Each structure stands twice: as C-alpha cells, then as structure tokens.
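The values are calculated or read from the model by the stated rules, or taken from the named source; none is laboratory data. Keep in mind it's a predicted model, so treat the numbers as computed, not measured. No Cβ is skipped: glycine too gets one built from the backbone with ideal geometry, and neighbour counts run over all protein chains shown.
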Amino acid sequence: MSSIEDEELRRRKLEEALEVKSLRRIISAYLNYPEAAEEDIRRYERCFRKLPLAHKALLSHLPLKFQKLRWCVSQNSYFIFEMLKAFDPPIDMSVDTDIAEDHAIENAPVKRLSSTEMNPHHCQSGSSSTLLHNAKVDELSSGEDGANEASKPETINEEKKIQSLSENVGNCSVASERNGMVKGGDGHNYQSVNNSPPSFSPHCCDGHASPSPDWLDPSLQFHVPLSDVDKVRCIIRNIVRDWAAEGQKERDECYRPILQELDQLFPDRSNDSSPPACLVPGAGLGRLALEISCLGFISQGNEFSYYMMICSSFILNYSQISEQWKIYPWIHSNCNSLSDKDQLRPVPIPDIHPASAGITEGFSMCGGDFVEVYNDPSQVGAWDAVVTCFFLDTAHNIVEYIEIISKILKDGGVWINLGPLLYHFADAYNQEDEMSIELSLEDVKRVAFHHGFEIEKESTIATTYTTNQRSMMQNQYYAAFWTMRKKPPTPPSAPDAAVHNV
Ligand SMILES: C[S@@+](CC[C@H](N)C(=O)[O-])C[C@H]1O[C@@H](n2cnc3c(N)ncnc32)[C@H](O)[C@@H]1O
C-alpha cells in the first residue's frame, strides 16, 4: 500500500472513530440525564438540611416534593431510554475509538446551546464538520385514512422505503454527526413517519422492559459535561413546543401563519399531478414539516442535530397512539414557579398520533447540515417553497443561507420566514475562529433582494420559544415574518436596433 493510500485509510478510520465517539457522547448525554437530575435534587436536599429547625417546620412539605421530583425524573428517564432503544444508529457503534483518543471531542468547538430563559431558542449543538457516512433511509407511509392504517399497521420493506423516498425527494445528501451535528455528505439520512409497528414495544408481553441494544452498554458510555445534559433538557422543552397540547399556543403563533400562507399561495395543490414540494431547514422535532405535509405538500424537514433527530424519529415513527407518554418538562427549574403543582405537572405527548395525521406521501426528514446538503447541483430549482422558522440566525454566514435558499427554489417559488435574529454564534467567546456574520433585518432583506427575492408580505409576530406557559418569566420575541418570491430571471434585453443594424 502506498503511503498516500495509507494516509487516506488512517484518515477515514479517524473520521469513523470520531463520529462514533461523538454519537456515543450524545447518547451518553441522554443516559446521564437521570444522574444529573439526581445531583440537583441532592443539592436541594442538602440546602434544606442546613435550614434552622423552625424554617424546616415551615417548609415541611419540601422533602415530599423532592421525592416527587425523583419520580418525575424517573418518568422522563423512562421515555428517554425507550427512545434510545428505538434508535437505530446509522454507524457501527462497536468501532474501536482508541485512534481518536488524542482528538478529544469535548474540545471541539461546541456551539452555543442554552437551556436558560435568556436565549431560549438556542437548542442546537454541534461542532466540527467532516462528512462522514451514508445513513439509512426510512420511508413514511401516509394516507387520508391514516387512522385506519394505524390500527392495521403495514410493514414496509426497507428496499421499497428507500426507493420510494428517493423518487419523492430526489438526491439529497448525507448525514453523519460530530458532537451533536448530523453532517452532510454523499448519501442520505432520512427518517420518516411510517405506520408499521415499532421494532420494540415499551414492555414485552410479560411486562418486563424490552432488552436494550449492545451500544447502550454502560461500558461504552462517556461521562459528559453538564452542558451536554442541558441539551437533553432543552430537547424535552422542544417536545412540548412540537408535540404537546401545551405547545399549541406557540404553534399557533409560529406555525399557523406559515401554514395559512402556504395554503393561500398554493390553492390548487390537490389538483396538480404532483403536490408542491416544500423544504423546512432546521426542522427541530418535525412538527411544522408534518403539518405542511398534512396540508398536501411533499414536505421535507432538514435537521443537523442528532439530539433532535433521535427524538423526532421516535415520536414520528414509534408513537402508537396520542398521549402515549407523560413527561415532566418543567421540573428542572425551581425559578419563577407559581406553585409546586405547576412545576410538577405532567405533559402528555404526543398530542396527535403522527401516523394518523393525514400526511402526504413523500414526507421525510433529512439529516445533515443545510449548507452541505442543499448546496448541491441536484438541489437547484428543486423546491416550490422553503419555510424557515427560527432558523436563519443559526447560520455562521446568513448570506450563504439566503444564497442557497434562492438557488434551490424554482423561479417563482416562495420563501416564508418567521423568526428573530438571535445569532447563535454571536457570543461564541473563546472561539476566536468561529465565523458569525450578524446582520440587521434591514441588511438581511437587502441580501435577499440581491438574490432575486421580492417581498410579498411582511409583519412582526410576537411569540415565545419553548417557554413554560405557566412561568412568571416569559421571554417574548418580536419575530420577523415574511413571504418572499423568487423572481423569474429577467430575459436578456433586446439588442439595441440601431446598434444591431450597424
Ligand atoms: C431554534 S431551532 C428551531 C426548530 C424549529 N424550526 C422550531 O421552530 O421549533 C433551530 C434548529 O435548527 C437546527 N440547525 C441549526 N443549524 C443547522 C444547519 N446548519 N442545518 C440544519 N439544521 C440546523 C438546530 O439543530 C435546531 O433544531
């Protein structure tokens, strides 16, 4: 083997090892969730014990509250563990990661993620950006009579799934992940809703928990920093936004205006031989993409965080009924609580059974970095609509996002955007090389006009992001909402007759 081939092989092995290490770290963050929560509860108990007797007597209900918190944590952990068991890692998790020992993924640039109320919509994660692997494609089945289909589940064979998806969405690139991000590359990583029975059930018929896969073996787990566990807590809040009745207010504020706009802009979609295609970059847990699908579009969500993808895949593909699980999203903060009851309240999820929601064929989630996946010749002019909701400010370079949105839209296609400009990398201190272009709304629009967009509608929408509706603190955004249309290219001007005649 030549030294070049040798080097190439070593590089690939390192990438593979880093990827496995990164995915293990994410899984470890999920698995560390109960322990981190227990640490918090122990801290509350320590503080309580330090109280003078008279104060303890006054607050004698608190020890019981701590026990209740423990129980809530166990319920959340149960949901998380079931979700992890259902996850089918797109890479071989048994790969030896020793080769990556010197490449501490902990030191990779971790993008800002906040579980605080200050920047509540920062729920991404991730770091470096190597393209690593092709991952599986799942298909979704759909139908108007989804409810019946759900009660008579049908297994879809894998080959059929892949074929059907590539027919529907064209050639979309890959996925792998480093430190939380699913990365674009040369293949596919789709997940989608299906009506087939889950590959595991929460309990075996004898009532015992179903076995867990090898890659969940504790010996393969990392000890992760608390900031990673914060990402898990953040995902739990996102579940409320997308998949709980409690999230309806936020969905009405953010998703409904977008859906109404799509409905008006594509009135004849059910008569068309092929429904219009709509892309939702930064799709989070997939609800908006699903709603767009239910409206009669070929809808594709794109998401680069494995934290999000693992969870959305579980809810979309493995929910058997609405309100199948109860989670306790608000237990992790004692602040701004009106009552302990509020803090400890259960939230049933999902509010709907996704597979019965009436999705349109072709609904998919595509894992990978928006820039890497869609800045591809196969994507040029592929979409009738692009919907960005709380996404634009996730860019390192927002100009690049706008450029790609313009490129992938058909002439006359529409771009609907709703969101603030809370640039995710704006305060990436300690990361001097972290690129972050932070434009005002005025400049964002100027860049859009430069890329051939014309504004058709514009307004401001007051909304929150993953906010506890019963909290005494509610951060409000005044989000920009617009519909822009990509102008058809102007035909080359007719040559000047006089000049022509010379
Ligand atoms: C603030 S969240 C919004 C999620 C969803 N649109 C909503 O409104 O709830 C932004 C999402 O974009 C994802 N994201 C950030 N950068 C991305 C990129 N370059 N490519 C794909 N997804 C990205 C994050 O992981 C996160 O899920």
Of all residues being more than 13 Å from the ligand (Cβ to nearest atom) and among the basic types (Lys, Arg) in the stretch 240-292, which is modelled with the highest pLDDT? Just the residue, please. LYS249
When LEU422 is evaluated against the numbered criteria (1) without any contact (Cβ under 8 Å) to a residue 12 or more places away in the chain; (2) under 19 Å from PHE481 (Cα atoms); (3) part of a loop (DSSP other than H, G, I, E, B), which criterion, by number, is the only one it fails? (1)
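Taking strands (runs of 3 or more DSSP E) that do not extend beyond the stretch 268-344, which have at least 2 residues that are touching a strand residue (DSSP E or B) at 6+ places or on another chain (Cβ under 9 Å) and farther than 18 Å from TRP415 by Cα?
On the way: elements: 277-281, 298-303, 325-327.
Those strands (runs of 3 or more DSSP E) span 325-327.
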For the condition in contact (Cβ under 8 Å) with a residue 24 or more places away in the chain, more than 30 Å from LEU18 (Cβ to Cβ) and of a type in the set (Val, Ile, Thr), what is the one hit in VAL95, VAL73? VAL73
Where SER406 falls short, out of the listed (1) over 18 Å from PRO276 (Cβ atoms); (2) assigned to a helix (DSSP H, G or I): (1)
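Would you say VAL380 is within 16 Å of the ligand (Cβ to nearest atom), hydrophobic (A, V, I, L, M, F, W, C) and more than 24 Å from ARG237 (Cα to Cα)? Before the answer, list the steps.
On the way: within 16 Å of the ligand (Cβ to nearest atom): no; hydrophobic (A, V, I, L, M, F, W, C): yes; more than 24 Å from ARG237 (Cα to Cα): yes.
The answer is no for VAL380.
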First in the stretch 382-410 and in contact (Cβ under 8 Å) with a residue 40 or more places away in the chain and under 17 Å from PRO488 (Cβ atoms), second anywhere and away from the ligand (no atom under 11 Å from the Cβ) and assigned to a helix (DSSP H, G or I), Cβ under 7 Å, 6 or more apart: ALA382/ILE408; TRP383/ILE408; ALA385/LEU262; VAL386/ILE405; VAL386/ILE408; ILE408/GLN379
Condition first: within 16 Å of the ligand (Cβ to nearest atom), surrounded by fewer than 16 Cβ atoms within 10 Å (Cβ to Cβ) and closer than 18 Å to ILE398 by Cβ. Now tell me which residues in the stretch 437-479 satisfy that. GLU438
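Provide a single number: the residues in the stretch 301-336 that are within 16 Å of the ligand (Cβ to nearest atom) and among the hydroxyl-bearing types (Ser, Thr, Tyr).
Pass one, the stretch 301-336, residues within 16 Å of the ligand (Cβ to nearest atom): 301-316, 329.
Filter once more, keeping what is among the hydroxyl-bearing types (Ser, Thr, Tyr): 305-307, 312-313.
Of the residues in the stretch 301-336, 5 are within 16 Å of the ligand (Cβ to nearest atom) and among the hydroxyl-bearing types (Ser, Thr, Tyr).
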